[in-house]
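Enquirer: Have a look at this one.
The values are calculated or read from the model by the stated rules, or taken from the named source; none is laboratory data. Here the structure is a predicted model, which means the values were calculated and not measured. Note that each Cβ is placed from the backbone with ideal geometry, even for glycine, and that neighbours are counted across all protein chains shown. Keep in mind that these areas ignore ligands, DNA and RNA; they rest on the heavy atoms of the full protein, side chains included. Shrake-Rupley method; radii C 1.70, N 1.55, O 1.52, S 1.80 Å.
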Amino acid sequence: MTALIDVILPVFFVIGFGYLAVWKGYFSDAGVDGLMKFTQGFAIPCLLFRAISTLDLGQNFDLALMGSYYTAAFACFVVGLLGARYIFGRDWEDSVAIGFCCLFANSLLLGLPITERAYGVSALEANYAIIAIHSPFCYAVGITAMEIVRNRGGNIATLPGKVLNAMFHNALIVGISLGFVVNLGGIPMPVVLTDALDLMVRAALPAALFGLGGVLYRYRPEGDMRTIMFVVAVSLILQPLLVWGLAKANDLSDTALRSAILTAAMAPGINAYVFANMYGKARRVAASSVLMATGLSILTVWLWLAVLP
């Protein structure tokens with residue numbers, strides 16, 4: 001119960017304040033759009049840039065950690081894709097969008113603050129290692145699969161260009177990429193610039209959580225309930241269980257194990273809806289899955305915190 005009160009509820013209260021503010025008309029839809037544009041287009045890319053540019057890549061890019069997390073994540077994408085196609089009879093494009101929902105955990109807006117509150121700032125290095133390739137990996141998988149099914153019989157030579165073009169129009173990936181450039185190139189950063197970036201970073205998570213609450217108010221569940229619950233089950237139950245099994249098999253340290261499982265246990269991120277909206281496929285399933293899984297994750301994350309070492 002202590003974990004629920006001290007770790008999880010403060011994060012969800014901030015989301016709830018955003019939800020309530022929009023519901024009661026104290027904060028407009030235009031305000032939510034502006035806030036999310038600021039956080040996802042500027043503040044969070046700054047956060048990722050600062051984290052990756054200062055991360056000890058040799059120490060934190062553990063192949064066992066990355067393999068455990070991303071093998072499980074890709075398996076959930078396949079389960080979501082095939083389940084949508086063969087259990088629920090969706091077309092291939094819808095199935096890819098639903099698979100993306102099962103793949104893309106909310107590693108940033110939920111995974112980071114919950115891990116920090118549970119285990120402290122020092123526990124976030126493994127989170128940042130996962131996050132460093134999270135958007136690039138997920139978008140590469142999702143965009144590649146979508147372009148393949150949309151261009152069946154087309155020219156496959158154009159596929160890499162389409163994937164790279166779509167990925168590098170994403171501000172999160174740009175921030176991550178620039179962080180790697182600075183880190184690997186040993187480029188010194190002026191103090192005045194790092195201080196300015198740190199001001200942006202401090203605003204990123206609380207503003208994004210509040211904005212997320214406003215976004216979730218728009219996407220109340222409607223229809224497709226069996227498919228939505230399938231996505232919720234894969235995201236909140238199957239993915240962390242797969243990561244647990246692989247992490248134990250790979251003998252991860254307790255710190256890496258916690259970060260990997262808590263990241264995997266998060267609800268689908270709002271990027272699941274962004275991806276579905278980008279292609280105009282399975283938007284209702286994506287939006288409702290994000291909302292329902294975010295609410296249910298209060299309970300499932302509490303249970304994971306109870307069993308983690």
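Enquirer: Within the set of pairs 6 or more residues apart or between chains, which connect a residue that is of a type in the set (S, T, Y) and open to solvent by 60 Å² or more (accessible area, probe 1.4 Å) inside the stretch 59-81 to a residue that is modelled with pLDDT of 90 or more and in a helix (DSSP H, G or I) with Cβ atoms less than 8 Å apart?
Expert: T71/L242; T71/L246
Enquirer: Given the conditions (1) open to solvent by 60 Å² or more (accessible area, probe 1.4 Å); (2) assigned to a helix (DSSP H, G or I); (3) more than 19 Å from L81 (Cα to Cα), and given that D251 satisfies all but one, which numbered condition is not satisfied?
Expert: Failed condition: (2).
Enquirer: Could you check the stretch 22-56 and list, in sequence order, the residues that are open to solvent by 30 Å² or more (accessible area, probe 1.4 Å) and more than 21 Å from A272 (Cβ to Cβ)?
Expert: Of everything in the stretch 22-56, those that are open to solvent by 30 Å² or more (accessible area, probe 1.4 Å) and more than 21 Å from A272 (Cβ to Cβ) turn out to be W23, K24, G25, Y26, F27, S28, A30, G34, F42, R50, T54, D56.
Conditions tested, residue by residue: (1) polar (S, T, N, Q); (2) under 21 Å from A129 (Cβ atoms); (3) open to solvent by less than 60 Å² (accessible area, probe 1.4 Å); (4) part of a helix (DSSP H, G or I).
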site	(1), (2), (3), (4)
A260	no, yes, yes, yes
T263	yes, yes, yes, yes
A272	no, no, yes, yes
A286	no, no, yes, yes
T294	yes, no, yes, yes
I298	no, no, yes, yes
W302	no, no, no, yes
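Enquirer: Within the stretch 96-122, can you find the residues that are among the small types (G, A, S), touching a Lys or Arg at 6+ places or on another chain (Cβ under 8 Å) and either without any contact (Cβ under 8 Å) to a residue 24 or more places away in the chain or open to solvent by 10 Å² or more (accessible area, probe 1.4 Å) (or both)?
Expert: Listed by number, the list holds a single entry, A118.
Enquirer: Are any residues in the stretch 195-206 open to solvent by less than 80 Å² (accessible area, probe 1.4 Å) and under 15 Å from P45 (Cβ atoms), and if so, which ones?
Expert: Within the stretch 195-206, A196, L197, D198, M200, V201, A203, A204, L205 meet the criteria.
Enquirer: Within the stretch 226-233, is there a residue that is at pLDDT 90 or above, surrounded by fewer than 19 Cβ atoms within 10 Å (Cβ to Cβ) and under 22 Å from the mean Cα position of the chain (by Cα)?
Expert: Scanning the stretch 226-233, I find at least one residue that is at pLDDT 90 or above, surrounded by fewer than 19 Cβ atoms within 10 Å (Cβ to Cβ) and under 22 Å from the mean Cα position of the chain (by Cα), so the answer is yes.
Enquirer: While we're on this one: Please report, ordered by residue number, the helices (runs of 4 or more DSSP H) entirely within the stretch 1-90 with at least 2 residues that are over 19 Å from the mean Cα position of the chain (by Cα) and at pLDDT 95 or above.
Expert: 63-86
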